[in-house]
Each structure stands twice: as structure tokens, then as C-alpha cells.
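Participant: The structure under discussion is supplied below as C-alpha cells; questions concerning it will follow.
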Amino acid sequence: QTNMLSIRSFMILFLSCIAVRMNLCFTGIPFSLRMLYINGHFEFEKVEFAARDFGNRYQYYPAAILHPSSVSDIAMTIKHIWKMGPGSELTVAARGHGHSLHGQAQAHRGVVINMESLQGPQMQVVHTRSFTYIDVSGGELWINILQESLKYGLTPKSWTDYLHLTVGGTLSNAGISGQAFRHGPQISNVHQLEVVTGKGDVVNCSKEQNSDLFYSVLGGLGQFGIITRAKILLEPAPTMVKWIRVLYFDFTTFTREQELLISGENTFDYIEGFVIINRTGLLNNWRSSFDPQDPVQASQFKSEGKILYCLELAKYFHHNKDNNNVDLEIKRLLSRLSYIPSTLFISEVTYVEFLDRVQVSAVKLQSKGLWEVPHPWLNLLIPKSKIKEFAEGVFGNILKETSNGPVLIYPVNKSKWDNRTSVVIPEEDIFYLVAFLTSAVPWSRGNDSLEYILTQNTRILDFCKTANLGAKQYLPHYTTRKEWQAHFGPMWETYVERKRAYDPLAILAPGQRIFKKAK
Ligand code: FAD
């Protein structure tokens, strides 16, 4: 039987090489894919789903979608394409939940692997002597990992603001949220990965084992391998959260206090912030989910025509066990801050409600058909020393309104990031994530149109460049090799070396447009 299989593999390879050389395909699809022995299946007809993403601006149709049942389906497919050599145009993109912004999970005329259909061992919580982790599929959604961990009273430490994203998708970028100041991004909280490289090899890697591949893949934009399993570090979970918002008029005070809060150990468990420009009835809107501490003063507060900075905080606690303590602790921490007193709003929610908070808005937008609009998002990492100059140049100048989506701004500690990973961050000890999470209104010609927002993004990027702010794009998007080289700076050589080692034909993640498949 082994002999029969190898004869069959040889025939498939032989015929596909001939097909490639002669440019022969059945209905434009390399027919050899149809003949691969896999447990899952290929979809060749209905492929539109893999040509769409959250950004809703790029649409590249693949030749096929692989719905893998097992890691070996992925390995076999990639190995097959690898063996076809440089003559074939076929590339492979892993698709997590398709929440990319610029077609990063797409593969024009290639194979898109639908990671969510990857099956394997069930999620499993494992205790070692020194730490606890959950072993999950690379296509697992973070919301499911949260639910499973909570059954054991445990939780991952570091999050994204939205949980309906896959492990492989966020670990390919970084995974940043309000816990990153303390725990680092999600890529700092991984114990081990199982990866399929661009040669089709299945490799386990960690800090101790195949460490170069481990660090390459983390923040690697899908360039070095497909994450098929991950072991994510856990800690004891709280049950409840006090969720707090306060406003500032003064940017310097706002950022100074954010930096103060992220520098101590006895602080909040989540620290973020956002900018609000010229919004009417802001505090009235908050009342639907938060309680004002001073209702009379809060009702008299006027937000229109102003630039305001909102500090958003959370303190975790256990219901019944530490109700009183948490209030005292919050009082102590807030007493060090100089926000506008009448703008203190607090809400008490469950831990799951807090972490899954964006889903509430997502469902509302979906019901109104407003989730599937173009999202010309821009995410930047700005060094602490330049954040004031950035704010002066952008808020109220280039950006006149924030009504088309939130603008997040919060600092993180560089010491919690591992410089051996592939992610690019600014040089300083503290840097800010500034995220312009804008939605464009289709057919609009005003300042909520796609064209207007894209021009605004270009102006922001130009300003960062001219003012030499040392900003880096997060979830980066570039179209030329020169721009990518500038993005990576001194890391570029290492990045190219890693590509040569793990995906020498540049088969993987073509939608990032960093490398072109060798012909
Ligand atoms: P996809 O879009 O499917 O894929 C992204 C990239 O990763 C592609 O290049 C793809 O080929 C590659 N990839 C996917 N799966 C794998 C895998 N298993 N192995 C290797 N490569 C793979 N990011 C943050 O850091 N913090 C946030 O708070 C945050 N909030 C967000 C909120 C929303 C509403 C959205 C839409 C995005 C948000 N993001 C945030 C960005 C998000 O982390 C990235 O867009 C991420 O890539 C989305 O995950 P996904 O599973 O949809 O990946």
C-alpha cells in the first residue's frame, strides 16, 4: 500500500509539473490539487468568501479554498505546492476570521486555507509545575478560548479589544489591548506553537525548541509558517470588572497620568484611552451603560466643539469576595489623578461582558448593515517622546471629527515585548498605540466617504514622516519593497533571512505583499 501511495504521489507531482510547464490547468485550477489525498476538502467553485475581509476594500479570488480536517491536510497541500517548484504561480494564505483590512488573508489564484475548519484535539488546559496553558487550534476564536478557560477558573492574560478573531491571525500581528502594559501583547504569552512551514514541514517550536522559527512566526505576518496549534499561557480569572471612564481637557495631563498608571504594579488591570473631537451629548450616551458618580454635574457637561481625552480603566475582582476592597482600591488609585471630576462614570459588569464588549456594538452594526462597509483603519505605534507633537499635528488639525469611529490612544511598556519576535515597534521604553478605527459610508461624498478618510490617513502618515516621529505602522500595509524595507529598518536583513529559511519560494501569505513568489 505504501508503494501504491508513493507511485500515486509521484504521478501527481509528475503530471502537475508537466501541467505547470505547459501552463495546463482544468478550468484555470491546477488539477493536481483535486487529486490530493486529504481528509478535509477543497472548494473550487464558491470561493467569494475567501476574497472578502473586514477592510472591505480588496477582493482577490483564490483558485481554491482548503477546508482542512487535520494538520496533515495543510502540510500535504503546502508540500505539494513546494514540490511543484518556482514554475507554479500557486501561493497559500491562511485565513483566520478574515478580519484583515487590506486583503492580507487573501491569495489571488492561490489556495486559501480556512483555518476555522481545522479540527484536531479538543482545547485542553494543562498544568505544569511552573505555569498553566491551554492547547488550542490555530484557527480557534479567542472568545471560545475564553469560555473554555473559564470552566477551570482560568483565563488568558493578554487580549485584543475584539474576541472574534483567531489565534493564528492575532499572533501573526501582536495582539494588543489594555492588558498589554502589564503582560505584553498576546505574542508575549505563548508557550509553544505547532507550525507548518513554507516547505510543508510540521515543526513544534518554543523558546527552547526551534526557537528561531518560534520568534519568526510571532508577529511574522504569516510569512514563515502557518500556526496550526498554540499553547497559550493562563492565569486565575476574575469574575467581575469595574469599568471606569473619565475625561481630560489637557492632552499632557492625560498622557502623563496614563504613563503613571502603566508604570506601577498596584494599578488597574486594563488601561486604554480614546480621543473625542466635537461630539454632542457624549456623557448622555455613556449613561446607557455607565453610572455617573455626580449625575447633576455630569448632565451639565458640554462636549460639543471640544477635544476631549477619555481615560478608560478596568479593575478586576471576585464577586462577594472582594467587593469592598475593590471600591477602596479604585478610590485610592483615582485620587492620584486629575481628570475633570464631573466626568467620572463607573459600570460593573461580568468579566466576559467586559472582554466581549465590542461584540455588542458589532451585533448592532450588523443588524443595520453597517458592519460590512469599508474600514480604512490606520494603526500607528508612536514613541512616547513624540506623542505630544503627534497630537498637536493631528487632533483638531488633520482630524477634525471623530464621529466615524473611535480613535484609541494608550501607552504600553516595551520591556514586555520580546525583541526576538518579528513585530516592528518603536525604539523607546514606552510607546503609544494610536488606532483610527474609521468606517466609511458607501456612496457618501462628505467627510465620511472612503476617499476623504484615505486622504486623511495619507496626511497623518505624511505628517509622521515629515516630523520624523519614528512612528511604525501596526497591522502594516505597504505596496512597495522599498516601503517594507523602511518599515523593518535594521530588522529587514533578519526578516529576509527568515523567509529564506522557512518559506524560500515565498508561497505563504501573499496578501501581505512583502515577497513575490519566485517564478
Ligand atoms: P486574518 O485576517 O484571517 O489573517 C490575518 C493575517 O494572518 C493574514 O496574513 C493571514 O494569512 C495570517 N494568518 C491567519 N491565520 C494564520 C495562522 N493560523 N498562521 C499563520 N498566519 C495566519 N488587533 C489588536 O492587536 N488589538 C485589537 O484590539 C484589535 N481589535 C480589532 C477589532 C476588530 C473589529 C478587527 C476587525 C480587528 C482588530 N484587530 C485588533 C486586528 C486583528 O488582530 C487582525 O486583523 C487579525 O489579523 C485578525 O485576525 P483574523 O483571525 O481575522 O486574521
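The values are calculated or read from the model by the stated rules, or taken from the named source; none is laboratory data. Computed from a predicted structure; not experimentally measured. Because the Cβ atoms are built from the backbone with ideal geometry, glycine has one as well, and the counts that use them run over all protein chains shown.
Participant: Can you find a residue that is farther than 30 Å from Leu437 by Cβ and crowded, with 20+ Cβ neighbours inside 10 Å anywhere in segment 56-64?
Facilitator: Yes: one or more hits.
Participant: For segment 374-401, give me each residue that is within 12 Å of the ligand (Cβ to nearest atom) and assigned to a loop (DSSP other than H, G, I, E, B).
Facilitator: Answer for segment 374-401, where residues must be within 12 Å of the ligand (Cβ to nearest atom) and assigned to a loop (DSSP other than H, G, I, E, B): His375, Trp377.
Participant: Name the pairs whose Cβ atoms lie under 6 Å apart, with the first residue in segment 51-75 and outside the structural domain of Ser449 (by TED's automatic domain parsing), the second of a type in the set (Phe, Trp, Tyr), and 6 or more positions between them or separate chains?
Facilitator: Final answer for the pair search is Ala51/Tyr60; Ala51/Tyr61; Ala64/Phe42; Ala64/Phe44; Leu66/Phe42.
Participant: Taking segment 215-257, which residues are within 16 Å of the ligand (Cβ to nearest atom), closer than 20 Å to Gly184 by Cβ and in contact with a Phe, Trp or Tyr (Cβ under 7 Å, 6 or more places away or on another chain)?
Facilitator: Listed by number, the residues that qualify are Ser216, Val217, Lys231, Ile232.
Participant: Next question. Anything in segment 196-214 that is within 14 Å of the ligand (Cβ to nearest atom) and within 17 Å of Ala174 (Cα to Cα)? List them, or say none.
Facilitator: Answer for segment 196-214, where residues must be within 14 Å of the ligand (Cβ to nearest atom) and within 17 Å of Ala174 (Cα to Cα): Leu213, Phe214.
Participant: So, in segment 129-139, of the ones that are part of a loop (DSSP other than H, G, I, E, B) and buried (at least 24 other Cβ atoms within 10 Å of the Cβ), which residue ends up nearest to the ligand (Cβ to nearest atom)?
Facilitator: Gly138
Participant: How many residues does segment 380-389 contain that are within 17 Å of Cys310 (Cα to Cα) and surrounded by 22 or more Cβ atoms within 10 Å (Cβ to Cβ)?
Facilitator: 1
Participant: Only residues that are of a type in the set (Gly, Ala, Ser) and in contact (Cβ under 8 Å) with a residue 40 or more places away in the chain: list them for segment 304-329, please.
Facilitator: Across segment 304-329, the qualifying residue is only Ala314.
This table checks each residue for (1) at pLDDT below 95; (2) crowded, with 17+ Cβ neighbours inside 10 Å; (3) more than 18 Å from Phe345 (Cβ to Cβ).
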| position | (1), (2), (3) |
| --- | --- |
| Val275 | no, yes, no |
| Leu282 | yes, yes, no |
| Gln297 | yes, no, no |
| Gln300 | yes, no, no |
| Leu308 | no, yes, no |
| Glu312 | no, yes, no |
| His319 | yes, no, yes |
| Asn324 | yes, no, yes |
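Participant: Follow-up. State whether one or more residues within segment 432-439 are under 21 Å from the mean Cα position of the chain (by Cα), within 27 Å of Glu372 (Cβ to Cβ) and of a type in the set (Phe, Trp, Tyr).
Facilitator: Yes, segment 432-439 contains a residue that is under 21 Å from the mean Cα position of the chain (by Cα), within 27 Å of Glu372 (Cβ to Cβ) and of a type in the set (Phe, Trp, Tyr).
Participant: Scanning segment 506-519 for residues that are within 16 Å of the ligand (Cβ to nearest atom) and in a loop (DSSP other than H, G, I, E, B), which turns out nearest to the chain's Cα centre (by Cα)?
Facilitator: Residue satisfying both the conditions and the ranking: Ala509.
Participant: Would you mind telling me which numbered condition in (1) in contact with a helix residue (DSSP H, G or I) (Cβ under 8 Å, 6 or more places away or on another chain); (2) touching a residue at least 60 places away in the same chain (Cβ under 8 Å); (3) more than 16 Å from the ligand (Cβ to nearest atom); (4) more than 20 Å from Asp291 (Cβ to Cβ) Val424 fails?
Facilitator: Going through the list (1) in contact with a helix residue (DSSP H, G or I) (Cβ under 8 Å, 6 or more places away or on another chain); (2) touching a residue at least 60 places away in the same chain (Cβ under 8 Å); (3) more than 16 Å from the ligand (Cβ to nearest atom); (4) more than 20 Å from Asp291 (Cβ to Cβ), Val424 breaks only (3).
Participant: Right, another one. Output the residues belonging to segment 142-173 that are touching a His at 6+ places or on another chain (Cβ under 7 Å) and near the ligand (Cβ under 8 Å from one of its atoms).
Facilitator: Matches in segment 142-173: His164, Leu165, Thr166, Gly169.
Participant: Would you confirm, using the coordinates I've provided, whether Ile176 is under 25 Å from Ser415 (Cβ atoms), touching a strand residue (DSSP E or B) at 6+ places or on another chain (Cβ under 7 Å) and near the ligand (Cβ under 9 Å from one of its atoms)?
Facilitator: yes
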